[in-house]
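One structure is given here, and the rest of the page talks about it.
The values are calculated or read from the model by the stated rules, or taken from the named source; none is laboratory data. No experiment lies behind these values; they were computed from the predicted model shown. Note that we place each Cβ from the backbone using ideal geometry, even for glycine, and neighbour counts take in every protein chain shown.
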Amino acid sequence: MPNSKPSDATLRLIVESYQRLTGKPLLEHLHLHGNDSDLRTAIWEEPRAIVAHGTEVDPIFFYGNRLALQLFEMNEDEFARLPSRLSAEPMAQDARVMLLEKVTQQGYVDGYSGMRIAKSGRRFMITDTTVWNLLDEAGLYHGQAAVFRSTT
């Protein structure tokens, strides 16, 4: 069942801000004028991992689709309590911080790859990653999101 915690408006923000910033659709086969249950299902079932964190001083993930939860070996509640910095190995923290600063300045970054860590300690590589700012139509900042593939 699709993640029920984020509102439909929040999921729409993830999809619409990606398109506004990159000029490309996040979900290839979904028309943004469709109903919200179609959006919720499409983002949940996307064959790439999609994650998003908020604006806290130490940002906390508020969304992970099915693939992201599988990769991180967590359920929705566990993932929604995870500070996003803990998704990367301690030795990869500096690179992650530099990436997020670049995203904050540029709006989005394409082509990132890096090592991540699952709940069990298993490491996995994320590739073809795009990280973007969650900006609403008025330009207000709501956090950041990422879409990626994994080579496990």
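Of everything in the stretch 138-152 that is exposed (fewer than 14 other Cβ atoms within 10 Å of the Cβ) and in contact (Cβ under 8 Å) with a residue 60 or more places away in the chain, the residue that is farthest from Ile14 (Cα to Cα) is Thr152. Scanning the stretch 36-54 for residues that are in a helix (DSSP H, G or I), surrounded by 17 or more Cβ atoms within 10 Å (Cβ to Cβ) and touching a Pro at 6+ places or on another chain (Cβ under 8 Å) yields Arg40, Ile43, Trp44. Listed by first and then second residue, the pairs linking a residue in the stretch 69-97 that is touching a residue at least 40 places away in the same chain (Cβ under 8 Å) and on the phi < 0 side of the Ramachandran plot to a residue that is of a type in the set (S, T, N, Q) and in a helix (DSSP H, G or I), with Cβ atoms under 8 Å apart and 6 or more places separating them unless they lie on different chains, are Phe72/Ser87.
Only one entry of Val103, Val57, Val15 meets the criterion of being surrounded by 12 or more Cβ atoms within 10 Å (Cβ to Cβ) and either touching a helix residue (DSSP H, G or I) at 6+ places or on another chain (Cβ under 9 Å) or without any contact (Cβ under 8 Å) to a residue 40 or more places away in the chain (or both), and that entry is Val15. Please indicate, with yes or no, whether at least one residue in the stretch 117-130 is farther than 23 Å from Lys24 by Cβ, touching an Asp or Glu at 6+ places or on another chain (Cβ under 8 Å), among the hydrophobic types (A, V, I, L, M, F, W, C) and at pLDDT 95 or above. Scanning the stretch 117-130 turns up at least one residue that is farther than 23 Å from Lys24 by Cβ, touching an Asp or Glu at 6+ places or on another chain (Cβ under 8 Å), among the hydrophobic types (A, V, I, L, M, F, W, C) and at pLDDT 95 or above.
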